[in-house]
1. Taking the conditions exactly as written (farther than 30 Å from W218 by Cβ, in the same structural domain as Y287 (by TED's automatic domain parsing) and free of Cβ contacts under 8 Å to residues at least 60 places away in the same chain), does G400 satisfy them or not?
2. Here's a check for you: in the range 78-93, which residue that is in contact with a strand residue (DSSP E or B) (Cβ under 7 Å, 6 or more places away or on another chain) and either part of a loop (DSSP other than H, G, I, E, B) or not assigned by TED's automatic domain parsing to the domain that holds L131 (or both) is farthest from L209 (Cα to Cα)?
3. Which count do you get for residues in the range 166-186 that are among the polar types (S, T, N, Q) and in contact (Cβ under 8 Å) with a residue 12 or more places away in the chain?
4. Somewhere in the range 134-154, is a residue in the same structural domain as S226 (by TED's automatic domain parsing), under 21 Å from N219 (Cα atoms) and either in a loop (DSSP other than H, G, I, E, B) or touching a residue at least 40 places away in the same chain (Cβ under 8 Å) (or both)?
5. Hey, could you check the range 182-230 for residues that are part of a loop (DSSP other than H, G, I, E, B) and among the hydroxyl-bearing types (S, T, Y) and say which is nearest to A98 (Cα to Cα)?
6. Only one of A328, A278, A311, A288 is under 18 Å from Q257 (Cβ atoms) and not β-branched (V, I, T). Can you tell me which?
7. Can you pull out the residues in the range 403-443 that are outside any strand (DSSP E or B) and either in contact with a Leu (Cβ under 9 Å, 6 or more places away or on another chain) or outside the structural domain of V375 (by TED's automatic domain parsing) (or both)?
Amino acid sequence: MPMAPGLVLLAVVVADGGEPHTLEELAARVERLEAELAATRAGAPDAGMPLGEPVEAPLDLREPPFSKSDWSWLNGSNYQPPSLLRIGPVTPTFFVDADYAWQFWNPVDHTIFPTTTAARHGEFNLNLAYLGFELNGLDTKWGAPIGRFEVQFGSYIATIHGQDNTLTRGSFLSNPTLSYVKQAGVGWHFHALHGINVELGIFPSYIALESFVPQENWNYTHPFVSDFTPYYLAGLRTQIFPAESLKVELWLVNGWQSFGRWHDALTGGYLINWRPNARLSLTHNFYAGQEQTRASDPSSNSLRVFTDNYAQLLVFDDLGRAVLQRLAFCLVADFGYEYRGPNVVLPPNGPMFGASLTMRVEWTRQVMSTLRADVFYDASSAVVMALPLGNPYTLPGRSGAANPYEFLGGGGTVTLDWRPSPWLLVRAEYMHRRANQPYFSGPGGITGPNGLPPKTDAERATFTPDLRHYDNRVVVSVTLRM
């Protein structure tokens, strides 16, 4: 707050030993002190720099990335205003997401497969809850430490983190230890360009359009192009902002949605996000690495390459209207190839591709609706979600086909959102999916006789997972985020 004129006058008199001055001299000194104070606030000067020589704030503070436009309409980003919970240099986050899902086949084991969100049929379910802290505001002339830590609970842990089979390679890397960590990173922010962040830890993945947090997405459930691509990465992430409208990410990570590694070579990739104006966001991702186990690839010949690309367009924007305030579209196109080795017959080497098209209508500030259609093809089932980890059975594939591993699936989704406040979201959603092979939970479930795991070899031998070619489900969810 500005210093009162009387206090400034007193400060001048005290600083000069109490010697009397004319009013003109005192007014000139007051102007000089106010100018020095304003310069100090504009940019923190070096401790050894004399007062009166203003220092301009770094470019990344004057023009933070993506700060010139309102991006709350984007799919996969948080639309909420700044958190109400900030405490000094730390911003806490509180999140609870609960749902009730009904899968029309009514599986006896109450397991909805495949899915990453709303995994339990006919039950009230805690999908995801997390509590976290983010460090900010400890700036120096060289930059600032950055860090975040979030612990999570709910069925989301089992459907995503709980499917990491790399933890079986060796010791001292356990799922119970790491699966409760939504993200944890430590690093440094550099005052260069429009900002550079270097962090080491576990991060939500940005391969695929949709966010790890369901509340940030236009739909509650995910399309195949999201379910079949990573939700988290473990390793080193560098974010570079060459311009206010451009972000470049570089990754050096352990693997494709894994805490550990299948091979001794590190994997990695990059992301480029360009937002040329307030209505358009273009993103390109690339990933490359060895994702076959050493048992299936002892000569280390395997290689997975994958590129994920999406465009988001705000077609109409008028928040002053009473009804139909925004209309936006998202188009996703993914391509990849799985090379298993020169002598592999089945599963074969082969391409993969996926796409989704999503339309979002914001009718009012409180009511939104979303339509989505998606498709995915994988010649070798390299990224197709297998039965849950620990399940003693395998997917049947396409019986009698020349390539039983070939997968082709897709579907459509309708979502209705109601936001009575920025902090609370209520959703209702219907999803329909189909595939060229039996892939979705049927009435008999996928777990075992009567919906329970088989207890004997005889039970294991006589039970076959009940999988169907198509799937219908409805979900109602309530989400609170602060």
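The values are calculated or read from the model by the stated rules, or taken from the named source; none is laboratory data. Note that this is a predicted model, so its numbers are computed, not measured. As a convention, Cβ positions derive from the backbone with ideal geometry for all residues, glycine included, and neighbour counts pool all protein chains shown.
1. Answer is yes for this residue.
2. P89
3. 4
4. Yes: the range 134-154 contains one or more residues that are in the same structural domain as S226 (by TED's automatic domain parsing), under 21 Å from N219 (Cα atoms) and either in a loop (DSSP other than H, G, I, E, B) or touching a residue at least 40 places away in the same chain (Cβ under 8 Å) (or both).
5. Only one residue fits best here, namely Y220.
6. So the residue among A328, A278, A311, A288 that is under 18 Å from Q257 (Cβ atoms) and not β-branched (V, I, T) is A288.
7. N403, P404, Y405, W423, N436, Q437, P438, Y439, G442
Results for (1) out of contact with any strand residue (DSSP E or B) (no Cβ under 8 Å at 6 or more places or on another chain); (2) among the small types (G, A, S), shown as yes or no for each residue.
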residue	(1), (2)
V248	no, no
W256	no, no
R261	no, no
G268	no, yes
H284	no, no
Q290	no, no
D308	no, no
A311	no, yes
R321	yes, no
